[in-house]
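The values are calculated or read from the model by the stated rules, or taken from the named source; none is laboratory data. Keep in mind that what you see is a predicted model, and the values were worked out from it rather than measured. A quick note on method: Cβ atoms are made from the backbone with ideal geometry, for glycine too, and the neighbour counts reach across all protein chains shown. Remember, those area values only see protein heavy atoms, side chains included, never the ligands or the DNA or RNA. Shrake-Rupley method; radii C 1.70, N 1.55, O 1.52, S 1.80 Å.
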Amino acid sequence: MFVDLATLTIEAGKGGDGLISFRREKFVAKGGPNGGNGGQGGSVIFKADQTEYDLSQFRFKKLIKAGNGQAGGSNNRQGKTGQDRVIKVPVGTLITDLKTDRVIADLIENQQEVIVAIGGSGGFGNAHFKSSNQQIPLVAEKGLKGQKCQIQVELKLLAEVGLIGLPNSGKSTFLRSVTKARPKIGAYPFTTLEPYLGVTANQCLIADIPGLIEGAAEGKGLGHQFLKHVERNLVLLHLIDCQNNDPKLGYNQIISELEKYNPALLELPQIVALTKIELVDKKFLNQQTKALQSILRSNHQLHRISALAHLNLEPLLTDLKNLINRQKQILAQQSIQSTSEDMVVFRLDDKDKFEITRLNKQTFQVLGQKIENFALKTDFNNYHARSRLRNIMTKLGITKQLLRQNYKDERIVFGIEEVGDLYLDEIIESHNQHDKVK
């Protein structure tokens, strides 16, 4: 079963905790701190691979997790880094964050990869905090949790040529004739229920995609399941059965559905081919040809072919290749001229910013990248770790802002998830001691 859409939960690995440890050896009277740092958590990476065909690996697998980092060891041993999770997906996979509706990556090149969730950093062991003023540090950091998100993974086939047409117009027969692909064929509508890819002798990558019906742009029939795979094509090859009494009707119907779904599709160069010409006489074929020529758009070419009898296929493939090369040149030029207006630039000092809000009569909430990271790494059951966090709050100016609030034994929580808690009274006490030292 062909799968081109999946929703996944992604969890990067947690960083390992730092260790509080001291050197304990015979004949060593004053062994110093030797607690090692925790290892980095593993990340979740998506990688485009041309050997992958669809997203069927996600039919039953909805949770993807990377490995956790190991805790630090004694003798300054750093914990082992968590194992990254590399997920191979087909070229043409679009990854979107469902919470923000932001496109994380559009993997359009083979071996292109993106980190979807970054592993949490490991916490420092107490050896890291040794200084001339602090010979016996009794504090170590906890490892941070890895990033977690819910994403949508969508495959939009990345083919040079999109094979379009009404059901039973001869698309599958054409693909079998000019490539080694073997789609199912038959004399009834909707023989093809899933996309097929094939490469011609002159290296044109063609996608045979399920046929259109009237109303496909609104989702009827195979609807959007078909149309989204057309968006990435460089050229469209539109097949029309020459036995139809009114070929103009079939042509206009496909054009109408493309326009309703995405008007930009009409800007793609298109070759229109009358198929199954071996089944009609020359006079009828000429009538059909004249009828189509009278309504063709300016960027459309007309061919007459028989896939079954292998008639006029070489000239068609040559024209396809020329159109593909021309489109690639245009896209390359557009890429050179494009600007990076959509790039987001992060200021280095943004991480030092913070915001304080009162949640209720008993609680203040402190938000900010830097302070939240320190809070997440703090073991709130360790007095020395809490003391370190209070000193950091003073240095960042958070304590001064809190002292301007009207308070009465309020508690302080950090981040949206309300990590840990401190109380204003102990923060004020620490602040006063800090001022005395100064």
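Are there GluC sites (Glu not before Pro) in the stretch 100-145 that DSSP puts in a loop and that have at most 16 other Cβ atoms within 10 Å, and which ones? Display every interim value, and only then the final one.
On the way: sites: Glu109, Glu113, Glu141; in loops: Glu109, Glu141.
Counting only loop positions with at most 16 other Cβ atoms within 10 Å, the GluC sites (Glu not before Pro) in the stretch 100-145 are Glu109.
Residue separation times 0.36 nm, minus the C-alpha to C-alpha distance between Leu302 and Phe27: what's the value?
Values: separation 275, 0.36 × 275 = 99.00 nm, distance 9.34 nm.
Taking Leu302 through Phe27 to full extension adds about 89.7 nm, to one decimal.
For the stretch 28-75, which chymotrypsin sites (Phe, Trp or Tyr not before Pro) pass both filters: DSSP loop (anything but H, G, I, E, B) and at most 13 other C-beta atoms within 10 Å? Before the final figure, lay out the partial values.
Values: sites: Phe46, Tyr53, Phe58, Phe60; in loops: Tyr53, Phe60.
Of the chymotrypsin sites (Phe, Trp or Tyr not before Pro), the ones in loops of the stretch 28-75 whose Cβ has at most 13 other Cβ atoms within 10 Å are Phe60.
Can you give me the distance in nm between label points at Asn382 and Asp352, each placed 7 Å from the Cα along the Cα-to-Cβ direction?
2.7
With r as the distance between the Cβ atoms of Tyr53 and Gln111 and R0 = 22 Å, compute the FRET efficiency 1/(1 + (r/R0)^6) and round to 0.05.
On the way: r = 16 Å, r/R0 = 0.74.
My answer for the efficiency is 0.85.
How about Lys370: which lysines have a C-alpha closer than 20 Å to its C-alpha, ignoring those fewer than 8 places off in the same chain?
Candidates past the 8-residue exclusion: Lys14, Lys142, Lys145, Lys148, Lys351, Lys353, Lys395, Lys400.
Could you point to the residue in Gly38, Gly13, Ser56 farthest towards the positive end of the stretch 1-105's charge dipole, with +1 and -1 charges on the Cβ of Lys/Arg and Asp/Glu respectively?
About the Cα centre, the residue reaching furthest to the positive side is Gly38.
For Lys282, go through the lysines and keep the ones whose alpha-carbon is under 27 Å away, minus same-chain ones fewer than eight residues off.
Of all the lysines, those that pass the test against Lys282 - Cα under 27 Å, at least 8 places apart if same chain - are Lys171, Lys248, Lys290.
If you filter the stretch 1-84 for GluC sites (Glu not before Pro), then keep DSSP loop positions with at most 12 other Cβ within 10 Å, what is left? Before the final figure, lay out the partial values.
Numbers: sites: Glu11, Glu25, Glu52; in loops: Glu25, Glu52.
Those satisfying the criteria are Glu25.
Take the cross-link list Lys156/Lys377; Lys61/Lys321; Lys99/Lys130; Lys88/Lys276; Lys180/Lys228 and give me the ones stretching past 31 Å between alpha-carbons.
Checking Cα-Cα distances, Lys156/Lys377; Lys61/Lys321; Lys99/Lys130; Lys88/Lys276 exceed 31 Å.
According to the Cα gyration tensor, what semi-axes, each the square root of 5 times an eigenvalue, does the equivalent ellipsoid of the stretch 379-422 have, listed from largest to smallest in whole Å?
On the way: eigenvalues 61, 37, 21 Å².
Listed largest to smallest, the semi-axes of the stretch 379-422 are 17, 14, 10 Å.
Could you tell me the accessible area of His310 in Å² (1.4 Å probe, neighbours in place), rounded to the nearest ten?
110
When only the heavy atoms of the protein chains count and the probe is 1.4 Å, how do Lys400, Lys370, Lys282, Lys30 rank by accessible area, highest first?
Working: Lys400 120, Lys370 70, Lys282 155, Lys30 190 Å².
Sorted descending by solvent-accessible area, the residues read Lys30, Lys282, Lys400, Lys370.
Ranked highest first by the average count of other Cβ atoms within 10 Å around their residues, in what order do 292-302, 197-207 fall?
Details: 292-302: 13.0, 197-207: 18.1.
In descending order of packing, they fall as 197-207, 292-302.
Where nothing but the Cβ of Lys and Arg (+1) and of Asp and Glu (-1) is charged, how large is the charge dipole of the stretch 19-64 around its Cα centre, in debye to the nearest 20? Could you put the intermediate results ahead of the total?
On the way: 8 positive and 4 negative charges, 92 e Å.
With Lys and Arg at +1 and Asp and Glu at -1, about 440 debye.
Which value in nm describes the separation of the simple spin-label points at Asp421 and Ala201, placed 7 Å from the Cα toward the beta carbon?
About 7.8 nm, to one decimal.
Working out 0.36 nm times the residue gap between Leu98 and Gln152, then minus their Cα-Cα distance, what length gain in nm do you get to one decimal?
Values: separation 54, 0.36 × 54 = 19.44 nm, distance 0.64 nm.
Once the chain is fully extended between Leu98 and Gln152, it gains 18.8 nm.
Test of understanding: what is the full-extension gain from Thr9 to Lys61, defined as 0.36 nm times their sequence separation minus their Cα-Cα distance? Before the final figure, lay out each step's value.
Values: separation 52, 0.36 × 52 = 18.72 nm, distance 0.96 nm.
Gain on stretching Thr9 to Lys61: 17.8 nm.
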